[in-house]
Amino acid sequence: MLSGSLNGKQGEIRHQKGINVSLPLTKMIHSVFLINASGDIFLEKHWKSVVSRSVCDYFFEAQERATEPENVPPVIPTPHHYLISVLRHRIFFVAVIQSEVPPLFVIEFLHRVVDTFQDYFGVCTEAAIKDNVVVVYELLEEMLDNGFPLATESNILKELIKPPTILRTMVNTITGSTNVGEQLPTGQLSVVPWRRTGVKYTNNEAYFDVVEEIDAIIDKSGSTITAEIQGVIDACVKLTGMPDLTLSFMNPRLLDDVSFHPCVRFKRWEAERILSFIPPDGNFRLLSYHVSSQNLVAIPVYVKHNISFREGSFQGHFDLTLWPKQTMGKAVESVLVSSQLPRGVLNTNLSASQGIYTFDPVTKLLSWDVGKINPQKLPSLKGTMSLQAGASKPDENPTINIQFKIQQMAISGLKVNRLDMYGEKYKPFKGIKYMTKAGKFQVRT
Amino acid sequence: MSSSSAFNDDKGGSSSVGEPEYGHDPASGGIFSSDYKRHDDLKEMLDSNKDSSKLEAMKRIVAMIARGKNASDLFPAVVKNVACKNIEVKKLVYVYLVRYAEEQQDLALLSISTFQRGLKDPNQLIRASALRVLSSIRVTIIVPIMMLAIKEAASDMSPYVRKTAAHAIPKLYSLDPEQKDQLIEVIEKLLADKTTLVAGSVVMAFEEVCPERIDLIHKNYRKLCNLLIDVEEWGQVVIINMLTRYARTQFLNPNINESLLEEGGGGEKTFYGSEEDEDDEEEEKEKKSEAAALAKRKPYVMDPDHRLLLRNTKPLLQSRNAAVVMAVAQLYFHLAPKAEVGVIAKALVRLLRSHSEVQYVVLQNVATMTIKRRGMFEPYLKSFYIRSTDPTQIKVLKLEVLTNLANETNISTILREFQTYIKSMDKDFVAATIQAIGRCATNIGEVRDTCLNGLVQLLSNRDELVVAESVVVIKKLLQMQPEKHSDIIKHMAKLTDNIQVPMARASILWLIGEYCEHVPKIAPDVLRKMAKSFTNEEDIVKLQIINLAAKLYLTNSKQTKLLTQYVLNLAKYDQNYDIRDRARFIRQLIVPTEKCGALSKYAKKLFLALKPAPVLESPFKDRDHFQLGSLSHLLNAKAGGYQELPDWPEAAPDPSVRNVEVPEWTKCSSREKRKEKKVEKPFYSDSEGESGPTESADSESDSASGSESGSGSEESGSGSESEESEEGSESEEEEEEEEGEEKDQKKKKNKEIKKPVQESESENSSEEEERKNERKRRQRKNDSESESEEEEDESESESSQSESEDSDSEAEVKKKKVKTAQTKPPPKPAKTDNKKGKKEMSLLDLDDFEPAPSPQVTPVNNFLSNSLVTDLEGLSLSDNVLSPATISPSSATKSYELLHRITGEGLSVEYCFSRQPFSPDANMVAVQIEFTNNTTNDTKNLHMEDVKLQSGMRVKEFPEIELLPAGETTTAVMGIDFCDSTQAANFQLCTHSRKFFVSIQPPVGELMRPVFLTENEFKKEQGQLMGMNEITEKLMLDVKCRNEHAIVQRVITAANLSRVPCGSDKECRFSGRTVTSSSLVLVTVASKEEGTAQLMVNCEKMVIGTMLVKDILLALTQ
């Protein structure tokens, strides 16, 4: 491997020299490399002339310098190229570009690629990509033309290349038929490129999930330093024909900042605060919003904590109690507490009143799967931590990260008023679900 | 060979079932032999007749390519399959070709003919794909072929093919830069394209091939601004970035006169307030022409095109695509007046929720922005608070932003946050925090002491890094104001007893040495202690001890002479040669001996020179000379291909370059054309106000005619009606002189008519009769004055002016004007004849111009009207110019442009919906087409061809027109069954020599025909169309539309409906059926107090209903 990459590097240099200087620099994405966690390039795709994979050596160098994978700089300049990468599902998607291009353009595109893979294969892992390498290649071919994004709407892509299913794979191997769409896509020509024509369902359904996440930082004393609510409305629309939907809220003024799927008519929102749109077929994110921070955010879970280390005793005291608050009678579920304990901690001896706790002595990560909080019997985790003998008392205090879910409640109080459909005759089945989750919810100790 | 074939069989058998294989692992067998074998096997599969085995082979080959394995020796075998029928095989072959064609140029040529054939395919998608692959094959020999294909595709009728052509341009350019000039021609052509599909791609090509040719943008600037919101997201990014650069070269710096602007404050703001368009064209023009000259003296005035750009990009801040948001943000940062930049903060903060890579880029840009415009992000301070789970690179950037945001008011909260960060386990981050504290202390005098104290406490931290960083920062801080902080120096001196970190000890010693004058008593004592422990110190500390000794010797030799000598002696025998060297050097320098006179004189200056305090400044300072959001900005280094963001020009270049030539049409038709444009825009563009200014600018170009001012105000009239009405009656006359707007006049006329209607009918009829007669006369006179339709505007304004001077009867003037403006004199008669039939009006009444039917009357279009009208036409008009568009009920018809005079090379074509039943097929909508031959040659054989329709739609072509002599106008009627949809009918309009691609798109109101219902029937039908089929909207009626008349008239103009009698005068009801499916369309407008009203549309076809509501709403509110 090592020698291979060295040779490659020379190749890269040679290749570079080969380029005629007078040739104009081509813009946009030149090539993409997929690199797995162990540093192997397992897929490469070039849209213009071939760039030697040795260009990735610069990436590997940067990776080595960064202690954590997420600290690899997203943009790495090399003598002749720039590498722009995103890390998702432990895979680095590295785009090679040659000249000036808005970095977010490339980053956003790479994320769109990942989203598409996920959409096609359910997961976006190295194995899934390798198993579907031909589909992946076909997708990449359609998504970029000469390095410039061509078709990124999942609905257009699905018309071009059908997503693999187990059944289709079997049929294909037996009959030799293809997963490339027989018909040429019309979506690209349509005024609503996100929706394909001729959609048919026997059960017409439209489901909307209002999911809100609370991002909060709670300080030592329990007071809120910052708390804000970020929400999304994810939709799963399976409707026949060309339905035109409008979704209205009881209290649209709550929404402070919004971003829309391109299908939403912006003017209508500006004027009436109504979401009016012809939906894409299937799953999509209709809206993401931010609830104004002027509104006080109800913090549903509080933590009483006492984590202390005594000087000289090589022992630490650990005491953590959770209790729900302001949940409007809804249960707080799927509670997961995690905390990165100081390096000096050797091991822990704790007892949990409910749920299971684990401590990894290598990464020093404590995690406690609490489950559902019963307001009558508050969950707690108590005990001692043993410190490395001879080490001094750690001066840093661990931060506690909490995850939880509350069903059937949007913590901001946002309520959908009604959903109307125009343009089609049938009566669709409509469903709205609310959920509140912890986003980046941290308690400092 | 025989053995290898056996192997092949094996291989083939197994792989036909399994997954495609990814290349070949060299470890599993002999590299050389098996590679050849494998390829033989693949070749065999490729040669087979079965598509399935071809496909299998191609899949395996593609998998090899994906893994970066060489598959080039398969080229001949693969290229044979380029014409394969199976689409997937074909596609995979394309993938292979594009990858290897460069290496095997000769063989690649074999495939070219296939693509050339594809370029001629009737299917647009196949044409596009052929062009795409052809242009991706990097073979220099085919450059001419590519060039030809691109040129041809650039004028393809399909926008998708044109888009592909735009994509192909940079490909060809990178292959052969020599083609630049020709390519620029193609780019220029494509830039003029009006479809959103093409816009993004062609601007991309422009940016790659000829970014310096900013002049190509002028003519397309306004169009690009207006299309922007409907362009796909990636194209938006490219266009916005390009327009930023463009604006920097063409407009004046909006912040040029910041103080003045601030003084102007509120007033300025409302004047340039968002939706308000400059209502007075003349004023606007003046401004523009003078702007350059006055920029320095007068308060800055923004070019309306500049404003247009800002306004049209703003909604994109709501895009889900981070790159689009960032592009808009940088545009605002670089182009917007200071007061307006704030809007981008919220959107950028939202992006911080996104993936960490996005955060990384956004934070870099925010950091740069916060230096220039701190206030903008201050409200979002807490969004930059750091979480322990953030990656370090994000933490450091957030810290940077927090530091930039710190000011007197928020510093205490920020410092409290910093205190938490210092306890973090991430030591790089802690070090960055300490530096950040240092910077806060430098910038904000009030907290300097607090920060210093805090930092001093950190000196006792256990972590070396923390201490070292603190000492370094303290050192920097003290350097700024040493005299004030002798106590801190004293405190640090005491710390030497405890602090063991060498770096920190060294730093302290340096400080004491540097400021020994401020701590005269302590310094010698510290030296004494250090001398004692000298031998046990680390090297850097030893060096600083020598340093300290030297400095003390120079300032206070009495007390320290012996100590210094002792230290120097110790150093002389140190193990480290650096220290020995230093000792020798210093001894020579400071201890005066007879040998070295010269230098020692300056010893004090050398050692105790005033050292400049280090400046703690943000690494993001002045980064904004790079265009934000660019790669160059991120790297703070110019990336290849980066286009500099030009400085604002001193004086704005001529703004008229952006005017688009519009031929001297009647205003009427140019307005119609705009309407049509709006209809074409399917999505966001449903608001009218948005597109205002451009269009007004468009119409500016017919400035040659005196009516220019009129057409300008016409725009604003439709844009902001309320304003006009506020102007009150005094200005009315003025307005009349200036305005040529049909609508307005109608309104005014309505006012006029309102009275008679409310009074008794009989009285008014005789009055009206008289008036009408007079009008008729005048109209004839007027018409004969005007020689051609084009000139009518001019004549109109002229005559109207003279008339108003006489001003004996205002009403007459107005009415006459309506006549001339609309140029639809005779049609009305027919209609009104019908309408008023009940009232038994005399024939003279036919000439009535009242566009709205009187209440209680159902307007039903009469087929007979045509002949009647023609008769009248013969009576009143001697010229032949009167367009056939006029032969239809005036209130209902608008004509739309089908073919522009310029694009049609002299042939101009307009169409209107005549609202008459199309006799050959009742399910079709009649479209009346008017051809005008503006050339000097005859046009022959006008006919249509190649009709492209959505499924279900049908067209009855108009009969071929054999000859259209030069300068003549003729009409034809065709029928289109739109299937109750507003999809456009596309076809080619052919003459003997040329073909033009045109499309007809109906407004929803034309998809129906009126039916007569009684009140009871209406109610019954309405009762059955409830729920989803009913759409209700509340609206505020336009001031000029608050009587029944006006409402009826406007509704009927908007849609081909008939009035349903109704008992209440507060309600107007209309009914119709869609042309194709005969679905009932019921409209109710119920007016309420103070101009509010409720609009209800019941229609089985919900899309039609929704669209109709929108149209009627627009008609009633404007």
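The values are calculated or read from the model by the stated rules, or taken from the named source; none is laboratory data. Predicted model only: the values in this text are computed from it and were never measured. Backbone-built Cβ (ideal geometry, glycine too); neighbour counts: all protein chains shown.
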Next item on the list: Out of the residues in the range A:27-44 that are of a type outside the set (A, V, I, L, M) and farther than 28 Å from B:Pro211 by Cα, state the one that is nearest to the other protein chains (Cβ to nearest Cβ).
Entry: A:Glu44
Check: Based on what the data block shows, is A:Ser248 under 28 Å from the mean Cα position of the chain (by Cα) and either surrounded by fewer than 18 Cβ atoms within 10 Å (Cβ to Cβ) or among the hydrophobic types (A, V, I, L, M, F, W, C) (or both)?
Finding: yes
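Quick check: anything in the range A:285-296 part of a strand (DSSP E or B), surrounded by fewer than 18 Cβ atoms within 10 Å (Cβ to Cβ) and at the interface with chain B (Cβ under 10 Å from one of its Cβ atoms)? Before you say what the answer is, go through the steps one by one.
As a first pass, look at the range A:285-296 and keep what is part of a strand (DSSP E or B): A:285-291.
Still in the running and surrounded by fewer than 18 Cβ atoms within 10 Å (Cβ to Cβ): A:285.
Narrowing the set further to residues that are at the interface with chain B (Cβ under 10 Å from one of its Cβ atoms) leaves A:285.
Yes.
Report yes if some residue within the range B:581-601 is part of a loop (DSSP other than H, G, I, E, B), free of Cβ contacts under 8 Å to residues at least 40 places away in the same chain and within 60 Å of the chain's Cα centre (by Cα); otherwise report no.
Of the range B:581-601, the ones part of a loop (DSSP other than H, G, I, E, B) are B:591-598.
From what's left, free of Cβ contacts under 8 Å to residues at least 40 places away in the same chain: B:591-598.
Of the ones still in play, those that are also within 60 Å of the chain's Cα centre (by Cα) are none.
Scanning the range B:581-601, I find no residue that is part of a loop (DSSP other than H, G, I, E, B), free of Cβ contacts under 8 Å to residues at least 40 places away in the same chain and within 60 Å of the chain's Cα centre (by Cα), so the answer is no.
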Next item on the list: Look through the range B:1002-1039, keep the residues that are of a type in the set (Val, Ile, Thr) and outside any strand (DSSP E or B), and return whichever of them is surrounded by the most Cβ atoms within 10 Å (Cβ to Cβ).
Entry: B:Val1004
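If I filter the range B:89-125 down to residues being of a type in the set (S, T, N, Q) and part of a loop (DSSP other than H, G, I, E, B), which single residue comes out as farthest from the other protein chains (Cβ to nearest Cβ)? Let's see the steps before the verdict.
Here is the first cut: in the range B:89-125, the ones of a type in the set (S, T, N, Q) are B:104-105, B:111, B:113-114, B:116, B:123-124.
Pick out the ones that are also part of a loop (DSSP other than H, G, I, E, B) and you get B:104, B:123.
Values: B:Gln104: 13, B:Asn123: 7 Å.
Selected residue: B:Gln104.
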Notebook entry, point to check: Does B:Thr1117 satisfy the criteria of being touching a Phe, Trp or Tyr at 6+ places or on another chain (Cβ under 9 Å), in contact (Cβ under 8 Å) with a residue 60 or more places away in the chain and among the hydroxyl-bearing types (Ser, Thr, Tyr)?
Noted result: no
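Okay, residues lined up against (1) closer than 30 Å to A:Thr116 by Cβ; (2) within 26 Å of the chain's Cα centre (by Cα); (3) of a type in the set (Val, Ile, Thr):
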| residue | (1), (2), (3) |
| --- | --- |
| A:Tyr289 | yes, yes, no |
| A:His305 | no, no, no |
| A:Phe309 | no, no, no |
| A:Thr321 | no, no, yes |
| A:Pro324 | no, no, no |
| A:Met328 | no, no, no |
| A:Val332 | no, yes, yes |
| A:Val345 | no, no, yes |
Check: Scanning for something among the β-branched types (Val, Ile, Thr), modelled with pLDDT of 90 or more and more than 24 Å from A:Glu153 (Cβ to Cβ), does the range A:331-341 turn up at least one residue?
Finding: yes
Note to self: Of the conditions (1) within 10 Å of chain B (Cβ to nearest Cβ); (2) in contact with a Pro (Cβ under 7 Å, 6 or more places away or on another chain), A:Ile307 satisfies every one except a single condition; which number is it?
What the structure shows: (1)
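Among the residues of the range A:124-141, are any among the hydrophobic types (A, V, I, L, M, F, W, C), within 8 Å of chain B (Cβ to nearest Cβ) and under 23 Å from the mean Cα position of the chain (by Cα)?
Residues of the range A:124-141 among the hydrophobic types (A, V, I, L, M, F, W, C): A:124, A:127-129, A:133-136, A:139-140.
Filter again for within 8 Å of chain B (Cβ to nearest Cβ), leaving A:133-134, A:136.
From what is left, the residues that are under 23 Å from the mean Cα position of the chain (by Cα) are A:133, A:136.
There is at least one residue in the range A:124-141 that is among the hydrophobic types (A, V, I, L, M, F, W, C), within 8 Å of chain B (Cβ to nearest Cβ) and under 23 Å from the mean Cα position of the chain (by Cα).
Any idea which residue in the range A:142-168 is farthest from the other protein chains (Cβ to nearest Cβ), counting only those that are among the acidic types (Asp, Glu) and touching a residue at least 60 places away in the same chain (Cβ under 8 Å)? Spell out the reasoning first.
Here is the first cut: in the range A:142-168, the ones among the acidic types (Asp, Glu) are A:142, A:145, A:153, A:159.
Then drop every residue that is not touching a residue at least 60 places away in the same chain (Cβ under 8 Å), which leaves A:145, A:153.
Numbers: A:Asp145: 5, A:Glu153: 8 Å.
Checked the range A:142-168; the qualifying residue farthest from the other protein chains (Cβ to nearest Cβ) is A:Glu153.
Among B:Ala66, B:Ala128, B:Ala83, which is more than 13 Å from chain A (Cβ to nearest Cβ) and touching a residue at least 24 places away in the same chain (Cβ under 8 Å)?
Numbers: B:Ala66 fails: more than 13 Å from chain A (Cβ to nearest Cβ); B:Ala128 fails: more than 13 Å from chain A (Cβ to nearest Cβ).
Result: B:Ala83 is the single residue among B:Ala66, B:Ala128, B:Ala83 that is more than 13 Å from chain A (Cβ to nearest Cβ) and touching a residue at least 24 places away in the same chain (Cβ under 8 Å).
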Margin query: Considering only residues that are away from chain A (no Cβ under 13 Å), without any contact (Cβ under 8 Å) to a residue 40 or more places away in the chain and either assigned to a helix (DSSP H, G or I) or surrounded by fewer than 19 Cβ atoms within 10 Å (Cβ to Cβ) (or both), which ones fall in the range B:195-226?
Written below: B:Arg213, B:Ile214, B:Leu216, B:Asn220, B:Leu224
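Name every residue in the range B:523-539 that is part of a helix (DSSP H, G or I) and crowded, with 17+ Cβ neighbours inside 10 Å, in order of residue number.
Within the range B:523-539, the first condition is being part of a helix (DSSP H, G or I), and the residues that meet it are B:523-536, B:539.
Those that are part of a helix (DSSP H, G or I) and crowded, with 17+ Cβ neighbours inside 10 Å: B:Ala523, B:Pro524, B:Val526, B:Leu527, B:Met530, B:Ala531, B:Phe534.
Quick one: is B:Arg1050 away from every other protein chain (no Cβ under 14 Å) and modelled with pLDDT under 85? Give the steps one after another, and end with the answer.
On the way: away from every other protein chain (no Cβ under 14 Å): yes; modelled with pLDDT under 85: yes.
Yes, satisfied.
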Item checked: Qualifying strands (runs of 3 or more DSSP E) (wholly inside the range B:919-1000; at least 2 residues being of a type in the set (S, T, N, Q) and surrounded by 20 or more Cβ atoms within 10 Å (Cβ to Cβ)) -> B:925-933
Margin query: Is it the case, given these coordinates, that B:Leu634 is touching a Pro at 6+ places or on another chain (Cβ under 6 Å), within 14 Å of chain A (Cβ to nearest Cβ), surrounded by 18 or more Cβ atoms within 10 Å (Cβ to Cβ) and modelled with pLDDT of 80 or more?
Written below: yes
Checklist line | Residues being within 13 Å of chain B (Cβ to nearest Cβ), surrounded by fewer than 20 Cβ atoms within 10 Å (Cβ to Cβ), in a loop (DSSP other than H, G, I, E, B) and in contact (Cβ under 8 Å) with a residue 24 or more places away in the chain - total across the range A:205-245 | finding: 4
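Every residue in the range B:153-194 that is part of a loop (DSSP other than H, G, I, E, B) and either at the interface with chain A (Cβ under 10 Å from one of its Cβ atoms) or on the phi > 0 side of the Ramachandran plot (or both), please.
Selection gives B:Ser158, B:Asp176.
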Next item on the list: Among the residues of the range B:335-370, write down those that are within 19 Å of the chain's Cα centre (by Cα) and more than 8 Å from chain A (Cβ to nearest Cβ).
Entry: B:Leu335, B:Ala336, B:Pro337, B:Glu340, B:Val341, B:Gly342, B:Val343, B:Ile344, B:Ala345, B:Leu348, B:Leu351
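A:Val51: at pLDDT below 90, touching a strand residue (DSSP E or B) at 6+ places or on another chain (Cβ under 7 Å) and more than 10 Å from chain B (Cβ to nearest Cβ), yes or no?
In short, yes.
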